[in-house]
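Trainee: Below is a structure I'd like to ask you about.
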């Protein structure tokens, strides 16, 4: 998942890469907080409303817990990497490798195509039974395509 959420590292030496890793650690701290906040909101909702749909609550608690634990594990891995100079160098070389960057780009392109195809199939099949699904799928496809165009223009100006 690193290539999806933390890609584009252009560090030329270990000190620059340490800065990148410390920024990632801060991002993981935010992700940890979001996970804990999700669990906390689930608990608050039960306490205030007495809502006890076990599937929904399990989903919210599981999602929040998974997010928090994933962020915590990533923070520990980054801390271990930061403590060892050899690990920093190996991770930097692995991450700045042009082949790896191209693999990430190709994987993202394929994933985007699969996601659009899945949304389209859901739009057609789900829309036959629930019109709300059709509306949500159309909205998601629109958000995806609009965000792609905005990002493309942003990076065209930036590079």
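Trainee: Just from its helices, what would the mean residue ellipticity at 222 nm be for the chain, if runs of 4 or more DSSP H residues each count -39500 (n - 2.57) and the sum is divided by every residue, rounded to the nearest 500 deg cm²/dmol? All intermediate terms of the calculation are to be shown ahead of the outcome.
Mentor: Numbers: 6 runs with 142 residues, N = 159.
Taken over the chain, the calculation gives -31500 deg cm²/dmol.
Trainee: With everything on Cα atoms, drop me the angle between helix 131-158 and the longest principal axis of the chain, reported from 0 to 90° to the nearest 10.
Mentor: Result, in degrees: 20.
Trainee: Follow-up question, since we're still on this one. Could you pull out which residues in the stretch 127-156 have an amide N less than 15 Å from a spot 7 Å beyond the Cα of residue 121, following the Cα-Cβ vector?
Mentor: Only 127 fall inside the zone, counting backbone N under 15 Å.
Trainee: Taking the highest mean first, how do the peptides 103-112, 59-68, 136-145 order by number of other beta carbon atoms within 10 angstrom per residue? Before the final figure, lay out each step's value.
Mentor: Details: 103-112: 11.8, 59-68: 15.7, 136-145: 13.6.
Highest mean packing first, the order is 59-68, 136-145, 103-112.
Trainee: Run the numbers on the chain and let me know its relative contact order in percent, using alpha-carbon pairs under 8 Å that are six or more apart. Before the final figure, lay out each step's value.
Mentor: Values: 96 pairs, mean separation 37.4, N = 159.
Relative contact order here is 24 percent.
Trainee: Relative to the longest principal axis of the chain, what angle (0 to 90°, nearest 10) does the C-alpha long axis of helix 85-96 take?
Mentor: So the inclination is approximately 60 degrees.
Trainee: Could you compute the FRET efficiency for residue 96 and residue 48, with r as their C-beta to C-beta distance and R0 at 35 Å, rounded to 0.05?
Mentor: Working: r = 49 Å, r/R0 = 1.40.
After rounding, the FRET efficiency stands at 0.10.
Trainee: Compute the acute angle (0 to 90°) between the alpha-carbon long axis of helix 98-129 and the principal axis of greatest extent of the alpha-carbon atoms of the chain; round to the nearest 10°.
Mentor: 0 degrees
Trainee: Now for a separate question. Is the C-alpha gyration tensor of the chain telling us rounded, prolate or oblate? Criteria: a/c under 1.5 is rounded; beyond that, a/b larger than b/c is prolate, otherwise oblate.
Mentor: Numbers: a/c = 2.68, a/b = 1.29, b/c = 2.08.
Here the chain falls in the oblate category.
Trainee: I need two numbers for the stretch 97-159: Rg to one decimal and Dmax as a whole number, Cα atoms only, in Å.
Mentor: Radius of gyration, then largest Cα-Cα span, for the stretch 97-159: 15.2, 48 Å.
Coordinate-derived values only; no laboratory data. Just so it is clear, the structure is predicted and the values come from calculations on it, not from any experiment. Glycine gets a Cβ as well: all are built from the backbone with ideal geometry, and neighbour counts include every protein chain shown.
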